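Structure record follows, encoded as structure tokens.
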Protein chains: 2
Amino acid sequence: MEIIKGGVTAPKGFKAANAMAGIKYKDRNDMAMIYSEQPCKAAGTFTTNVVKAAPVKWDRMIVEESDYAQAIVINAGIANACTGEEGYGYCMETAKAAAEKLSIPYESVCVASTGVIGMQLPMDRIINGVSMLVPALSDTIEAGHAAAEAIMTTDTMPKEVAVSFEIDGVTVTVGGMCKGSGMIHPNMCTMLGFVMTDVSISKELLTQALKEDVQDTYNMVSVDGDTSTNDTVLLFANGMAGNKEITSKDENYKKFKEALHYVNEELAKMIAGDGEGATALFEVKVIGAESKEQAVTLSKSVVTSSLTKAAIYGHDANWGRILCAMGYSGAEFDPEKVDLFFESAAGKLQIIENGVAVDYSEEEATKILSEDKVTAIADIKMGTASATAWGCDLTYDYVKINADYRS
Amino acid sequence: MEIIKGGVTAPKGFKAANAMAGIKYKDRNDMAMIYSEQPCKAAGTFTTNVVKAAPVKWDRMIVEESDYAQAIVINAGIANACTGEEGYGYCMETAKAAAEKLSIPYESVCVASTGVIGMQLPMDRIINGVSMLVPALSDTIEAGHAAAEAIMTTDTMPKEVAVSFEIDGVTVTVGGMCKGSGMIHPNMCTMLGFVMTDVSISKELLTQALKEDVQDTYNMVSVDGDTSTNDTVLLFANGMAGNKEITSKDENYKKFKEALHYVNEELAKMIAGDGEGATALFEVKVIGAESKEQAVTLSKSVVTSSLTKAAIYGHDANWGRILCAMGYSGAEFDPEKVDLFFESAAGKLQIIENGVAVDYSEEEATKILSEDKVTAIADIKMGTASATAWGCDLTYDYVKINADYRS
């Protein structure tokens, strides 16, 4: 597997475009389109929030009921959530407008929105945006990058990644982009993620690969514990790489799954590291667990703890908060058996052994915690299962961004 | 029922004292003692965190196994949590030192600690503190107030309340104090709460009254979602009011329960309103629920949402975040039936009706949200059950306090 440049336009046959539609932001691109020359098998995972945004309902219908999908229209600024029948109607209207320009069925067009909840989309601007997007579609790396920029809200950087690998001498590529900074505590998948591939694979295996992989990637990220109404990951496969279709869990499936996992994990970590106001990516590994579930519960509890996150911001080795967050997670373990380490580019340091502090150097701990990627490793010595969760520190800027997000 | 001045020394026979023991803070009182002239029936509720501080284990033993309790020794600065066998030994040592000076059995002395996790108590200073506390014990209102001040950590104000009522012509008093500002997401009870009463009541009913009431009071408070290792509420009843002992759930029991509830709810609200860095008490009422459990789950989810809390700080009627937090709570409801209102001293305003925004004035909403007590009321129109949760806004100062708490 090779890491290559680009994002959604890296695989064969995928094009992207961006447009300045003036949905809510001024003087910036706020709409994007992804289009495949050939119809795609599509898989999707969506928020578990009872309050589901209209595009989530629309895309689920497309993924589950349409024979194929071929395009995605995305806007930033307004989430089209809590918008009732009217908002759902706008999804269909957007899909129809894109379908007409692209000469494809409207049941093959997904839509995705991110931004403020509760406002209706200004449909004249959306339709106008679609008109600008279609002629601008391009298969260049730059077009993919510009699309990743256009879907940002409070993100500080675009997020994309691509890899390629070989199946029987044929090069297969997986490329993705995502956005997400606040209201990030995915439960099924993250805010918005779009992964394109030219692999040829059965729809059943494509769907299964995505469903399994989001558990270990997007679902292990938390910025603020708020599970969004809009969480969506769409995975399109257009088969244009020309490999023999993957129809069983053979070596080729494993290769594809590995590539997909790399793309998803990198995108998930980019979301965590670019959490609203964040200065550091905070990684929590729980090892020595009895079961995967136990490790997941413990690691997510730590990465979600406001007190722990504030301590990471302060470069403070306040390990008591980590043990405390493990303690209220709901998982059973023996606090008096826990070993805890901090690790970063600056080194690795044991902080507690069997539940009590070892004689570590606070100075060295602070040095380790001052890097922009910081890992806490808790060994609970009960078994061999493990899990990794990603989050970020809690900063003044998180509060600032969210106290006046709408103004 | 009458609201009266004072706190833990308001009921007959209770004394309090404070001392400057230099445990961790400098130049301020950091130890307190509560003492009853007569042995008390004692009830307690404790943290559900798997990581339980040593004093929690000690007090549970006293409450469950001792015939009576008569004194409490409290320190601020160090939590005596994650301190192993050594830390538990210090609880007994503290209780023994107090018992000797007070000439009571050490199995009647509770201890409570709040502050940094993981450090051992400096026992020479604790013992010295106990020596100062015992001769300083006084039944004045001022002594109770000074004790409430001595147990503060990041609290900005002492928290105490007292009420009296009559049973068969005899005046009965309930008075309490508490502390709590960060790491507040009680699950059984709050950080540290001490409620004293001179009522005569059976231990069984005393315990039941407390266990029931914490569900509707302390357990409905969240400052930051972090359930502490030290959460403790102790309720002592010394019987000195002289009423005929309450031994059944009669009218007198109801009167006592009402007084206890008032004291607990007021203390709980003081904790929420004085959350670390908070500028406002944020109250969330869910009405029209199918069951109490559903209303509790929904209201706690909203009051815990970082995004909602940041919006309250910004006086921003960002109702989408409230609906979103209800949506990921785990409780089932129909988002398209929800009515939402904001209410404060500045008025009451409907924001959404049947899941979508009504044409409300943002200006009026901001005015309502600028008060120091703000209420959100969600009517989910499924039944007649309801619940109220209390929290606070999320501010720069919360981050500041917790980024360098240990330094």
Over region B:2-273, relative contact order from alpha-carbon pairs under 8 Å, at least 6 apart, %: 26
Pseudo-label separations to other copies for B:M157 - Cα-to-Cβ vector, 7 Å, nm: 4.5
Inter-copy label distances at A:S361 (7 Å, Cα→Cβ; nm, one decimal): 6.3
Projected-area mean, chain B, by convex hull of Cα positions, square nanometres: 19.1
Calculated from backbone phi, Karplus (6.51, -1.76, 1.60) coupling profile of region B:239-251 in Hz, x at Gly/Pro: x, 6, 5, x, 5, 5, 3, 7, 10, 9, 7, 8, 4
Nonlocal amide H pairs with B:V221, under 5 Å, H built at 1.01 Å: B:W390
Residue-averaged beta-carbon neighbours from other chains (10 angstrom radius) around B:299-310: 5
Beta carbon of chain B nearest to the axis of the rotation taking B to A, residue and angstrom distance: B:Y396, 2
Distribution of pairwise C-alpha distances over region B:130-172, 5 Å bins, in %: 5, 16, 20, 18, 16, 12, 8, 5, 1
Using a 7 Å Cα-to-Cβ projection, B:E258 label spacings across copies, nm, ascending: 7.3
J(HN,Hα) series, region B:22-37, from Karplus relation 6.51 cos²θ - 1.76 cosθ + 1.60, nearest Hz, glycine and proline x: x, 4, 8, 6, 10, 6, 8, 5, 9, 9, 9, 9, 10, 9, 10, 4
Rh by Kirkwood over Cα pairs, then Stokes-Einstein D for the protein assembly as shown at 1.002 mPa s and 20 °C, µm²/s: 77
Residue exposure sequence - B:L349, A:L394 - by fewest surrounding Cβ within 10 Å: B:L349, A:L394
Set B:K211/B:K269; A:K96/A:K159; A:K367/B:K24; B:K41/B:K244; B:K249/B:K269 screened for pairs whose C-alpha atoms are more than 21 Å apart: A:K96/A:K159; A:K367/B:K24; B:K249/B:K269
Gyration tensor (Cα) of region B:111-153, equivalent ellipsoid semi-axes in angstrom: 22, 15, 6
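Count, for each residue of A:324-333, the Cβ atoms from other chains sitting within 10 Å of its Cβ, then give me the mean as a whole number. Walk me through the numbers on the way to the answer.
Working: counts 16, 6, 3, 12, 14, 3, 2, 1, 1, 2.
Mean partner shielding for this stretch: 6.
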Order of B:C178, B:C82, A:C324 - criterion: other Cβ atoms within 10 Å of each residue's Cβ, fewest first: B:C82, B:C178, A:C324
Cα centroid of region A:334-405 to Cα centroid of region B:113-152, whole Å: 33
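Is the C-alpha gyration tensor of region A:1-137 telling us rounded, prolate or oblate? Criteria: a/c under 1.5 is rounded; beyond that, a/b larger than b/c is prolate, otherwise oblate. Working shown, then result.
Working: a/c = 1.45, a/b = 1.21, b/c = 1.20.
Rounded, since a/c falls under 1.5.
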Angstrom value of the Kirkwood radius, inverse mean 1/r, which spans all Cα pairs in region B:326-369: 11.4
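Among rounded, prolate and oblate, which fits region A:362-407 when a ≥ b ≥ c are the square roots of the eigenvalues of its C-alpha gyration tensor, a/c under 1.5 means rounded, and a/b larger than b/c means prolate? Mind dumping the intermediate values first?
Values: a/c = 4.12, a/b = 1.72, b/c = 2.39.
The shape class here is oblate.
Once you have the alpha carbon radius of gyration of region B:261-309, what is it after dividing by 2.2 N^0.38 Å, with N set to its residue count?
Values: Rg = 12.1 Å, N = 49, 2.2 N^0.38 = 9.7 Å.
Output field value: 1.26.
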More than 26 angstrom apart: percent of Cα pairs within region B:259-407: 24
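Over all residues in B:228-239, what is the mean tally of Cβ atoms on other chains that come within 10 Å of each residue's Cβ? Before the final figure, lay out each step's value.
Numbers: counts 4, 7, 1, 1, 0, 0, 0, 0, 0, 0, 0, 0.
For peptide B:228-239, the averaged partner shielding equals 1.
Laboratory data are not the source of any read-out in this text; all were calculated from the coordinates shown. Since the structure is predicted, the reported quantities are computational estimates derived from the model, not experimental observations. Cβ sites come from the backbone with ideal geometry, for glycine too, and all protein chains shown count toward neighbours.
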